Structures are given as structure tokens and as C-alpha cells.
Amino acid sequence: MRIFFIILLVFLVSVSCKNEKTTTKVDSFNLLVQAKNFPDSTKVVLYNRDIDKDIDSAFVVNERFEFSGTVALASLSYLNFYDKNGKSLEPYTYFFLENTNMSVTGEYSDFLNAKVTGSEQTDLYTVYNAISQDNDTSNRFQKEVDFLYANANSQMALTELLYMKKQISKDSLLLFYEKLDTINTNSIKGQELLNYAKAIDIKAGDRFRDIKGTDLEGKQHKLSDYAGKVILLDFWAAGCRPCRLQNKKEFPELVKKYSKDDFVLISYSLDTDKKSWKQSSEKDNINWLNISDLQGMKGDNVSKYAVTAIPNSFLINQEGIIVKSFIGFTEGTNTIEKEINKLLE
């Protein structure tokens, strides 16, 4: 396995050096998918995670379907499948969608491991995953970082580095940023990295940082408007499934329980598309304060709280001090509720 990895690594690193030469000649993509054992009329949706949008849809016919279009940059994307009743099916796969001729070949029972060809960024991602899944855990993190820095000038490397940015010094992140060309530095991910690297970290014990946003009716709100109350500030987005689950399962109970107390829940959407934000808010029945600046991860507000993963909630006490930060959501733990109780008892 190690010999295979080294050979593949050398090959793909050499390929990655040619990215700009090979991809800039094509201004559109064609994605041909062979979906073995998928029933006819299975609906498939092409979701672009980088812009948090479904960008096209089709139906399986004779175990095949096809998409074509244009992406501004190589984008982490998913193929999601639905049965005739609109129920989401388990098979899916993810890859980097590029303006080139691509193909995906997979089988219903194991479509997560479908074979993707024609995408250099996906090839690079495959090698990176091999490092992450290597049974040799010694220095795994450093090996991952070294690989990303060696292939810095790519959307794939930017994507993965952003996931681990809190584990890397900000000086090192700035060195990574300096390796990028103009296209990547000006990309959404490039600007997100730069904003984070320049932002001052925030932690429990720090005073809250004031942010502002508008609700869906266009009214502006500031965090400081609610000073003196216990505040739960939650960062979320329409495309984040744990966020949506928390919106439906945990937050309504908190709002109901503490409705007579000096408590306010503020959901801050990291969506960039108002329609997507509005639709998800309505589906989740959000009836508490729900604001956004529609700047996503590149906005100043999210930088002030150094958000790296969502859902991410910050509990602020009556004196305006951050008590705790919560990342992720696990149903039934009631972790946030227990901390709120301590402040209101």
C-alpha cells in the first residue's frame, strides 16, 4: 500500500503542477454518470457545496444521466439521489466539479466509492484521503499538512486546510496564502482563509464582539441590542444538516422553556443566497431572531467569532462574557440547556 501511495503521490503532484495549463482552456463542464442498478426515474441533484446550491437535476434513464454547465472555480460537489416519492436515498458521492469532461461510474450499493475520472482536483483529493486513511497514525496530521502545502495553489488544498485551520498557527496560514495565485487568493475560500488568519481568536472568558445583521424582513439587529440578557448566538446554514436538525429538535425547546426569562436565541445564517436562507428558515419553523449579512464565511461578522465549523453556538452571560462555545449537534445531550440553567438559576 505504501509503495502504491508513493507512486500515485508522485504522479498526482506532477499533474497538479499543470492544473492551470489544462483547465483554463475549457470554460464549461460535461459530467457523464453511469449509475449501475439505479432504477429508472430516480431523481439526481447536483449540489455545489461551495456556493451552497443545487445547480442542476436529472433523472436516471437506462442507468445513465448527464449534466453540463459552468463553474467559476473547481467546486466540491455532491450527487444526491431521490426516489419517486422524493425520499432521499443513501447512495451519494462527492468530488471536485471542474470545467472539463468528467465521468462518474458507480454501483447503487456502494456509490460513495464511485470512480471519478477527468478531474485533476478530485485525483488530488483521492491522494490526500489516502494519507488520512493510512493505518500508520504517526505524524498523520503533519503528513496531511505537508501535502496541502505542497499543493497549495488549488481549491482542493484550500478546502481541506480550512477544515483544520484552528490546528495551524496563523503565521503558517499566511505562508500558505502567499503561495496562492491571484485566482485563488481572490476566491471565496482564499478570502475566508485570509480573514481568519488576520482575525483575533475568541474564547470563553472573552467579552462578546458586537455584530449586526438583518432579518428576513430587512430589519437590522445588533448583538449589543440584547446586552444584559443571556444570549445564545448560533451560526448555521441551509446546507448544514446538523444545523437544520438542531433548528427543529433543540432550539424550539429552549425558546419555549426560557420564554419568560431574560434569554434570547439569535440564529446567524452563513448563507449567501437569501432565497435559500428563507426557504430553510420556513421549513425549520424558525420563530426566534434570525439574521444574516449574506456574506457567508467571508464576512466580518463570522471572522469576529473565528467560526470554522457549523453549527457553532456561543453562550454569552448577562455581563456580556462568553461562557462557552458549542460545536456540532448531538440530539438528546441537552448540553446547552444545562449551561443556560446555570446562568438563570
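The values are calculated or read from the model by the stated rules, or taken from the named source; none is laboratory data. Note that this is a predicted model, so its numbers are computed, not measured. Here Cβ is always computed from backbone atoms with ideal geometry, including for glycine, and neighbour counts include all displayed protein chains. Surface accessibility is based on the protein's heavy atoms, side chains included, excluding ligands, DNA and RNA. Shrake-Rupley method; radii C 1.70, N 1.55, O 1.52, S 1.80 Å.
Some points to look at:
- Listed candidates (i) 21.8, 64; (ii) 18.5, 56; (iii) 21.9, 69 - label of the one calculated as Rg and Dmax of the Cα atoms in Å: (i)
- Assigned charges on the beta-carbon of Lys, Arg, Asp, Glu; the chain dipole about Cα centre (debye): 380 debye
- The stretch between Arg241 and Ser88, if pulled fully straight at 0.36 nm per residue, gains 53.8 nm over its current Cα-Cα span.
- Choice from Lys53, Lys84, Lys278 showing the highest fluctuation, given a GNM over the chain with Cα pairs closer than 10 Å: Lys84
- Leu344-Leu112 FRET efficiency (beta carbon distance; Förster radius 41 Å; 0.05 resolution): 0.40
- Antiparallel content of DSSP bridges confined to the stretch 150-293, in %, to 5: 25 percent
- Accessible area per residue (1.4 Å probe, heavy atoms of protein chains only) ranks Ile183, Ile336 as Ile183, Ile336, with the largest value leading.
- Across the stretch 285-302, coupling constants 3J(HN,Hα) worked out from phi with the 6.51/-1.76/1.60 Karplus curve, θ = phi - 60°, read 6, 6, 10, 10, 4, 9, 10, 6, 10, 6, 9, x, 6, 9, x, 5, 5, 5 Hz, and Gly and Pro carry x.
- Among beta bridges from DSSP that stay inside the chain, the antiparallel ones total about 70%.
- The slack in the chain from Glu253 to Asp215, taken as 0.36 nm per residue of separation less the alpha-carbon distance, amounts to 11.5 nm.
- Each residue, Ile200 and Asp262, gets one label point 7 Å from its Cα in the Cβ direction; the gap between the two is 2.6 nm.
- Computed FRET value (nearest 0.05) for Asp181 with Glu66, which takes r as the C-beta separation and R₀ as 25 Å: 0.20
- Taking the three principal axes of the alpha carbon atoms in the stretch 247-330, the coordinate ranges are 33, 28, 23 Å, sorted in descending order.
- Selection from Tyr226, Leu73, Ala114, by position along the positive dipole direction of the chain (Cβ): Tyr226
- Accessible area of Asp146 in the full protein assembly, 1.4 Å probe (Å², nearest 10): 80 Å²
- Amide H contacts under 5 Å for Ser57, placed H, 5+ residues apart: Leu46
- Candidates Ile316, Phe95, Tyr177 compared by Cα position along the dipole of the chain: farthest toward the positive end lies Ile316, with charges placed on Cβ.
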